[in-house]
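The values are calculated or read from the model by the stated rules, or taken from the named source; none is laboratory data. On a predicted model such as this, the values are computed, not experimentally measured, just so you know. As a convention, Cβ positions derive from the backbone with ideal geometry for all residues, glycine included, and neighbour counts pool all protein chains shown.
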Amino acid sequence: MKKPVVLLILPVLFLLPSLGGFIFNRGADYNDIAISHYPNALYIQRSIAERGEIPLWSDTILGGYPFAADPLSGLHYPPGWLALLLPLPLGLNAVAVLHLLLGGAGMYLFLRSQGCARWPAIFGGLAWEALPKLQAHLGAGHLTMLYAAGWMPWLLLAQQYAGRRRAFLLLPGLLLGTILLADVRMAFIAGTLWAVFNLRMLLAGQGNPRLAAWGAQSLLTVALAGLMGAALLLPLGEFVGLSTRGLMQARDVGALSLPVARLLGLLVPEMGGTAEWAVYPGSAVLGLAMLALAFRPSRGRAFFWWLLFGLCVLWALGDQLPWFNALASLPGVSLLRVPPRMLAAGLFALIVAASLGLDTLLASPESLRSLPKFNPLLVLAGLGFFVAALSAAVWAASGEAPVRFIWGTLSLAGTLAIFFMARSGRFTSGRLACLFCGWLLFDLTSVNLISLDYRPKGEILAQGNEAAAMLLTERAMDFYRVYSPSYSIPQQTAAMLRIELADGIDPLQLKSYVDFLAKAGGFTSEGYSVTLPPFPQGDPSTDNRGARPDARLLGLLNVRYVAAEFPITAEGLEPAGQYGTTYLYTNRYERPRAWVQGAGSQPGEDILSTPMVLKTANRIDLVAEGPGLLVLSEVAYPGWAATFDGEPQPLLSVGILRGLELPEGSHRIRLEYRPTRFYLGTGVSLITLVCVGVYTISALRREHARAR
């Protein structure tokens, strides 16, 4: 094959027929693309198409929240905007696939920069694209993590070039900042990978040999990444300070820590389950990575990547380690969750080690005949017998064939067979490369096909649709919200039907709102939760069955309807019927989206008038009659500014809501969301991008002029 690089498209081909629907992990009930990314992207699409407005505030969930400060909004990462050009969720899935291809191409080029021949570099690119962990994150809907993972090999490649050519000095900072804009959590993981690789370059004498200069360049990279990510970091810092994220304890930081027993997943694929515990790299990757330690030409470099892999595995074990609580209390680390996400960097390292092993093997296949006493082939054979014995034991105990264990046994056997073919000396290096790449693709693609479940768009958007359809028939010209203690109207369905929710799912939630809704919803909120209300046992249909909502407090949030999977008895909530499994209630104490009440009255009492509200994502217009206190059923948050008859007027906080004192007469009032931190951060990011571009182009021109 003259251009074998085209093989890099193969790992994503099986995904293409399903891009128009939603991709789930097998057996999973939820998916973040459906819950968060689809509603957010649809909200942006509609705001731009219908009003020519980029939304910076969202009323879709949680009674309203700062969209421009939310890392999941999709506003901060420009390549992700490509998804908006296509129908959803097709656009989101297509951009995810493009980032898998981007990652594969980056891994290929990075391995080439490390001295690997073409075929070993292709092997590494295929392994990264088809990695079951990344594909499982797609099935979990972790879209922004996939975006960031696509740039990880490019970050190391940029650092490699920055150490050799001054023209590329700023590129690592630019790429680390891009990863930060894609997913702030993955920026920590990618930054750790970059920092360790950068240190290795120093110790290996690559790049600038002077410690002071190396340190300055490293600090410059981190600073540039921060400046590039300012569009997200500045508004996010404000949001985090006002959110429940600061309530996280060690148990929250260590959520879904990898059980030690799950390390068996290195040999046996998960084939479903949680993406966080997917660790299967493929038997070919594992075998070649072990072989790299045995070959003298690759041993030193492979040891570094194995060491990095081991450190990432230790991190992934999380709260099972005795020192984890102390680690989890460190600034910055205390805001992170789910330690197994560090395995993305660890499996990256293992793939690099495997590619180095394949490179050495193809260069000298005869070296398999003179392996040391610690023979990796014997270790691999032993692991194969171990998994085979486990398969037999599980089969005997359960009476059912354990597909994943049998698959692990056959995969190890196939890899061993290829090694013995190579040892025979009857195969050319090209054929051996094709065998390894073909077996890797067969192994990982089969695992991914079994692990992922493809569900039509109509099926996912129909969830909770019976109750939601009734709400549409009752829709009035004014605004109202719906509250559900049981997630009866999923966020994707609500987004499609333009239903605003007082509850919601998001990693960042305003603490003041959470505290208020806990009283209004009659539930207990202790510590950190990504869902509001929390579901302590993980079953939304029953977890809050004992809660007793306060209809008056819900009414202040403009909640007109309450939808639940169980009957509710609460004063002020009147049955409106049962639709499917969902009980619907009308709130007799609903308050409008804005009202004027008497001075000194309790919120929602002594209502004098209810002005009509005209609103878009970033603006609210109304005409109100004074005197009195104008109260808007909108969450108070920094960045909202009011004009009163054309003149600036300070907003008041009425509990968690916004308010304005009105003198006598009729007054035109406009509220606009002007998040200064977002505007400032976006300006800093754009200026940084321009400066990096100007510097790089100028430096390349100078290099070219000197070369002439």
Restricting attention to the stretch 444-458, does a residue exist that is within 23 Å of L72 (Cα to Cα), among the charged types (D, E, K, R), out of contact with any Asp or Glu (no Cβ under 9 Å at 6 or more places or on another chain) and at pLDDT 95 or above? yes
When both residues are 6+ apart or on different chains and their Cβ atoms are under 6 Å apart, which pairs have a first residue that lies in the stretch 601-627 and is closer than 15 Å to P663 by Cβ, and a second that is among the charged types (D, E, K, R)? S609/E625; V623/R668; G626/E664; P627/E664
Restricting to the stretch 270-286, give me the number of residues that are in contact with a Phe, Trp or Tyr (Cβ under 7 Å, 6 or more places away or on another chain) and at pLDDT 95 or above. 1
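Consider G52 carefully, then state whether it is assigned by TED's automatic domain parsing to the domain that holds G241 and in contact (Cβ under 8 Å) with a residue 24 or more places away in the chain. Break it down into steps so the answer makes sense when it comes.
Values: assigned by TED's automatic domain parsing to the domain that holds G241: yes; in contact (Cβ under 8 Å) with a residue 24 or more places away in the chain: no.
It is false that G52 is assigned by TED's automatic domain parsing to the domain that holds G241 and in contact (Cβ under 8 Å) with a residue 24 or more places away in the chain.
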Within the stretch 526-540, work out how many residues are surrounded by fewer than 21 Cβ atoms within 10 Å (Cβ to Cβ), farther than 14 Å from S484 by Cα and touching a residue at least 24 places away in the same chain (Cβ under 8 Å). 3
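How about the stretch 84-94: which of its residues are in a helix (DSSP H, G or I) and without any contact (Cβ under 8 Å) to a residue 60 or more places away in the chain? Steps first, answer last, please.
Kept after step one, since they are in a helix (DSSP H, G or I), are these residues of the stretch 84-94: 84-85, 90-94.
The answer is L84, L85, G91, L92.
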Among the residues in the stretch 532-546, are any closer than 26 Å to G237 by Cα and among the hydrophobic types (A, V, I, L, M, F, W, C)? yes
In the stretch 374-427, the residues that are over 22 Å from V279 (Cβ atoms), small (G, A, S) and part of a helix (DSSP H, G or I): A392, A396, A397, S398, A417, A422, S424
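Residue by residue, here is whether (1) farther than 15 Å from S486 by Cα; (2) of a type in the set (A, V, I, L, M); (3) in contact (Cβ under 8 Å) with a residue 24 or more places away in the chain holds:
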residue	(1), (2), (3)
V514	yes, yes, yes
T542	no, no, yes
R548	no, no, yes
A551	yes, yes, yes
V559	yes, yes, yes
E571	yes, no, no
P592	yes, no, yes
V596	yes, yes, yes
Between residues in the stretch 449-471 that are aromatic (F, W, Y) and residues that are part of a strand (DSSP E or B), which pairs lie under 9 Å by C-beta distance while being six or more apart or on different chains? Y454/F22; Y454/I23; Y454/F24
Consider H76 against the criteria (1) in a loop (DSSP other than H, G, I, E, B); (2) surrounded by fewer than 23 Cβ atoms within 10 Å (Cβ to Cβ): it satisfies all of them except one. Which criterion is unmet? (2)
Conditions (1) touching a residue at least 60 places away in the same chain (Cβ under 8 Å); (2) in contact with a Gly (Cβ under 7 Å, 6 or more places away or on another chain); (3) within 30 Å of Y679 (Cα to Cα) -> A41 fails only (1)
Test S355 against the criterion of being touching a residue at least 40 places away in the same chain (Cβ under 8 Å), closer than 25 Å to A417 by Cα, touching a Cys at 6+ places or on another chain (Cβ under 6 Å) and part of a helix (DSSP H, G or I), and give yes or no. yes
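Please go through the stretch 15-58 and pick out each residue that is in a strand (DSSP E or B) and aliphatic (A, V, I, L, M).
Step one: list which residues in the stretch 15-58 are in a strand (DSSP E or B), which gives 22-25, 58.
I23, the sole residue that qualifies.
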Strands (runs of 3 or more DSSP E) within the stretch 576-628 that include 3 or more residues surrounded by 14 or more Cβ atoms within 10 Å (Cβ to Cβ) and not hydrophobic (A, V, I, L, M, F, W, C): 582-587
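Can you list the helices (runs of 4 or more DSSP H) found entirely within the stretch 134-214 that contain at least 1 residues being over 22 Å from V690 (Cα atoms) and at pLDDT 90 or above? I'd like the intermediate steps shown before the answer.
Numbers: elements: 143-162, 171-182, 184-203.
Of the helices (runs of 4 or more DSSP H) lying wholly inside the stretch 134-214, those with at least 1 residues that are over 22 Å from V690 (Cα atoms) and at pLDDT 90 or above span 143-162, 184-203.
Can you tell which of A284, A230 is crowded, with 23+ Cβ neighbours inside 10 Å and within 25 Å of L111 (Cα to Cα)? Walk me through how you get there before you give the answer.
Numbers: A230 fails: within 25 Å of L111 (Cα to Cα).
From the options A284, A230, the qualifying one is A284.
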Would you pick out the residues in the stretch 191-221 that are of a type in the set (A, V, I, L, M), within 27 Å of the chain's Cα centre (by Cα) and closer than 22 Å to A353 by Cα? L193, A195, V196
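Per-residue answers, yes or no, for (1) in contact (Cβ under 8 Å) with a residue 60 or more places away in the chain; (2) on the phi < 0 side of the Ramachandran plot; (3) under 21 Å from the mean Cα position of the chain (by Cα):
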| residue | (1), (2), (3) |
| --- | --- |
| S58 | yes, yes, yes |
| G63 | yes, no, no |
| Y77 | yes, yes, yes |
| L82 | no, yes, yes |
| A96 | no, yes, yes |
| G103 | no, yes, yes |
| L111 | yes, yes, no |
| Q114 | yes, yes, no |
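Considering each of A148, A167 in turn, give the residue that is more than 30 Å from T360 (Cβ to Cβ) and surrounded by fewer than 24 Cβ atoms within 10 Å (Cβ to Cβ). Walk me through it before giving the result.
On the way: A148 fails: surrounded by fewer than 24 Cβ atoms within 10 Å (Cβ to Cβ).
Just one listed residue meets the conditions, A167.
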The lone condition L671 fails out of (1) at pLDDT below 95; (2) not in a helix (DSSP H, G or I); (3) not hydroxyl-bearing (S, T, Y) is (1)
Consider L258 against the criteria (1) in a helix (DSSP H, G or I); (2) touching a residue at least 60 places away in the same chain (Cβ under 8 Å): it satisfies all of them except one. Which criterion is unmet? (1)
Of everything in the stretch 20-46, what is modelled with pLDDT under 95 and either of a type in the set (A, V, I, L, M, F, W, C) or under 24 Å from L109 (Cβ atoms) (or both)? Give them in sequence order. A28
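Can you spot a residue in the stretch 257-272 that is among the charged types (D, E, K, R), in the same structural domain as W151 (by TED's automatic domain parsing) and either touching a His at 6+ places or on another chain (Cβ under 9 Å) or crowded, with 19+ Cβ neighbours inside 10 Å (or both)? Break it down into steps so the answer makes sense when it comes.
To start, the set of residues in the stretch 257-272 that are among the charged types (D, E, K, R) comprises 262, 270.
Applying the additional criterion that residues be in the same structural domain as W151 (by TED's automatic domain parsing) yields 262, 270.
From the residues that got through so far, the ones that are either touching a His at 6+ places or on another chain (Cβ under 9 Å) or crowded, with 19+ Cβ neighbours inside 10 Å (or both) too are 262, 270.
Checking the stretch 257-272: at least one residue is among the charged types (D, E, K, R), in the same structural domain as W151 (by TED's automatic domain parsing) and either touching a His at 6+ places or on another chain (Cβ under 9 Å) or crowded, with 19+ Cβ neighbours inside 10 Å (or both).
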Single unsatisfied condition, S633 versus (1) small (G, A, S); (2) in a strand (DSSP E or B); (3) exposed (fewer than 15 other Cβ atoms within 10 Å of the Cβ): (3)
Being touching a Phe, Trp or Tyr at 6+ places or on another chain (Cβ under 9 Å), crowded, with 19+ Cβ neighbours inside 10 Å, closer than 29 Å to V12 by Cα and among the polar types (S, T, N, Q), is that true of even one residue in the stretch 443-457? yes
Would you mind telling me which numbered condition in (1) in contact with a Pro (Cβ under 7 Å, 6 or more places away or on another chain); (2) outside any helix (DSSP H, G or I) M107 fails? (2)
Restricting to the stretch 641-658, name every residue that is in a strand (DSSP E or B) and surrounded by fewer than 21 Cβ atoms within 10 Å (Cβ to Cβ). A641, A642, T643, F644, E647, P648, Q649, L652, S653, V654
Flag if S698 is surrounded by fewer than 12 Cβ atoms within 10 Å (Cβ to Cβ) and not acidic (D, E): yes
